[in-house]
């Protein structure tokens with residue numbers, strides 16, 4: 001019996017071949033690794049906290065005008081790159097008459113979930129495993145570290161394929177053009193950027209995303225909302241929460257950034273330690289953006 005209740009594996013996953021363990025953390029295993037964050041329970045918990053942060057700063061789990069429809073029932077929702085599954089768990093619990101599906105290539109989603117929710121293990125880059133016009137709402141968040149620009153274009157095309165005419169799509173990403181960035185954070189970010197350039201990933205997708213969506217010519221109109229959050233205790237509890245989550249993310253990148261920066265693990269830890277004072281001195285802040293639109297009805 002599958003250990004994930006209401007969950008299905010769509011790929012054969014050999015743990016020995018799929019993962020590598022570095023500094024006690026589990027990472028994607030590949031001759032040319034792309035995704036630079038860990039894939040383990042620690043990361044799942046961080047993603048759950050990121051979900052709480054996004055819900056807090058945007059004052060809700062989504063911006064598309066679908067709340068009444070969700071509560072009325074019969075709405076089918078897909079979450080791509082669902083990670084810890086927190087978004088699906090939240091919405092499926094609040095909207096028991098609608099159906100929710102989360103997909104991710106690694107099963108760090110919950111073992112148990114409401115009866116109106118399910119999780120599928122699959123790689124979205126191999127295609128979304130559903131027929132055309134299946135979902136009323138498709139949501140995707142925080143995949144800036146996973147996709148090349150071509151991956152973005154192909155995934156958006158596939159998302160629109162499985163979205164019903166009149167249905168809604170929504171994306172949420174962090175803008176890496178960080179405001180009031182200090183020298184240590186800039187050095188770390190430059191190291192991550194060099195890594196991503198080497199594997200073709202486009203983390204600076206924010207300037208391109210609206211254009212990619214518009215070029216499909218399948219959305220009536222593209223809307224966006226943005227919000228900023230302080231990074232550091234200068235911004236109170238919200239700033240502390242953002243700081244802690246981003247530091248955890250940076251720590252997870254250690255195996256890939258340290259060789260580029262030519263620093264030891266100890267030196268990298270010292271750099272991370274400098275971020276607290278630096279972020280407060282510079283009053284650093286991050287900007288998050290949601291784009292959403294309704295699919296045309298032909």
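Quick check on residue 237: is it in contact with a helix residue (DSSP H, G or I) (Cβ under 9 Å, 6 or more places away or on another chain), surrounded by fewer than 15 Cβ atoms within 10 Å (Cβ to Cβ) and either modelled with pLDDT of 95 or more or at negative phi (or both)? No, not satisfied. Residue count for the stretch 212-238 under the criterion of being more than 20 Å from the chain's Cα centre (by Cα) and closer than 21 Å to residue 187 by Cβ: the result is 2. Restricted to the stretch 240-269, and to residues there that are outside any helix (DSSP H, G or I) and free of Cβ contacts under 8 Å to residues at least 12 places away in the same chain, the residue that is surrounded by the fewest Cβ atoms within 10 Å (Cβ to Cβ) is 262. Of all residues in the stretch 48-77, those being closer than 30 Å to residue 28 by Cβ and touching a helix residue (DSSP H, G or I) at 6+ places or on another chain (Cβ under 7 Å) number 7.
Any residue that is part of a loop (DSSP other than H, G, I, E, B), in contact (Cβ under 8 Å) with a residue 12 or more places away in the chain and closer than 18 Å to residue 51 by Cα - is there at least one of those in the stretch 124-143? So far as the stretch 124-143 goes, yes, one or more of its residues are part of a loop (DSSP other than H, G, I, E, B), in contact (Cβ under 8 Å) with a residue 12 or more places away in the chain and closer than 18 Å to residue 51 by Cα.
Of all residues in the stretch 108-121, none satisfies being surrounded by 17 or more Cβ atoms within 10 Å (Cβ to Cβ) and under 25 Å from residue 213 (Cα atoms).
Please give the strands (runs of 3 or more DSSP E) falling wholly within the stretch 1-101 in which 1 or more residues are modelled with pLDDT under 95. It comes to 7-9, 19-22, 25-28. Would a scan of the stretch 88-107 turn up a residue that is in contact with a helix residue (DSSP H, G or I) (Cβ under 6 Å, 6 or more places away or on another chain) and either touching a residue at least 40 places away in the same chain (Cβ under 8 Å) or surrounded by fewer than 20 Cβ atoms within 10 Å (Cβ to Cβ) (or both)? So far as the stretch 88-107 goes, no, none of its residues is in contact with a helix residue (DSSP H, G or I) (Cβ under 6 Å, 6 or more places away or on another chain) and either touching a residue at least 40 places away in the same chain (Cβ under 8 Å) or surrounded by fewer than 20 Cβ atoms within 10 Å (Cβ to Cβ) (or both).
The values are calculated or read from the model by the stated rules, or taken from the named source; none is laboratory data. Quick caveat, the model's predicted, so the values are computed rather than measured. Cβ: placed from backbone, ideal geometry, glycine included. Neighbour counts: every protein chain shown.
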